[in-house]
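J.: So that we are looking at the same thing, I have put the structure below in structure tokens.
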Amino acid sequence: MNYSSYKSKIIKKFGVTLTEWPIYGCVHNSGELGQDDAIILRHALVTKECKWIKLSAQQWEAQRDTTNSEGNDREMEQEVF
């Protein structure tokens, strides 16, 4: 998955997002997590607390209309829907 460009390459392109990301900060590569955070993420995915959702047409359009002036999604916080 393209974590460094999560917003532009995943959310804006496909109209889907992860909800309730359990780790502090924005969505990022799970391989960069420490053991404790990896366990927390795994639990959230297994219990479906954190899951993929399809954005409504309005949400998707709003995401496509937003731009990051720096051109890098990494600094942008994950929005919870």
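J.: Tally time: how many residues in the range 10-21 are of a type outside the set (S, T, Y), touching a residue at least 12 places away in the same chain (Cβ under 8 Å) and either loosely packed, with under 15 Cβ neighbours inside 10 Å or out of contact with any helix residue (DSSP H, G or I) (no Cβ under 9 Å at 6 or more places or on another chain) (or both)? Explain how you work it out, then say what you get.
T.: Of the range 10-21, the ones of a type outside the set (S, T, Y) are 10-16, 18, 20-21.
Adding the requirement that they be touching a residue at least 12 places away in the same chain (Cβ under 8 Å) leaves 11-12, 15-16, 18, 20-21.
From the residues that got through so far, the ones that are either loosely packed, with under 15 Cβ neighbours inside 10 Å or out of contact with any helix residue (DSSP H, G or I) (no Cβ under 9 Å at 6 or more places or on another chain) (or both) too are 16, 20.
Of the residues in the range 10-21, 2 are of a type outside the set (S, T, Y), touching a residue at least 12 places away in the same chain (Cβ under 8 Å) and either loosely packed, with under 15 Cβ neighbours inside 10 Å or out of contact with any helix residue (DSSP H, G or I) (no Cβ under 9 Å at 6 or more places or on another chain) (or both).
J.: Next up: Just one of I53, I40 is of a type in the set (V, I, T) and either more than 25 Å from T66 (Cβ to Cβ) or at pLDDT below 95 (or both); which is it? First the steps, then the outcome.
T.: Numbers: I53 fails: either more than 25 Å from T66 (Cβ to Cβ) or at pLDDT below 95 (or both).
Selected residue: I40, the only one of I53, I40 that is of a type in the set (V, I, T) and either more than 25 Å from T66 (Cβ to Cβ) or at pLDDT below 95 (or both).
The values are calculated or read from the model by the stated rules, or taken from the named source; none is laboratory data. All of these numbers come straight from a predicted model, not from anything done at the bench. Please note: Cβ atoms are built from the backbone with ideal geometry, for glycine as well, and neighbour counts cover all protein chains shown.
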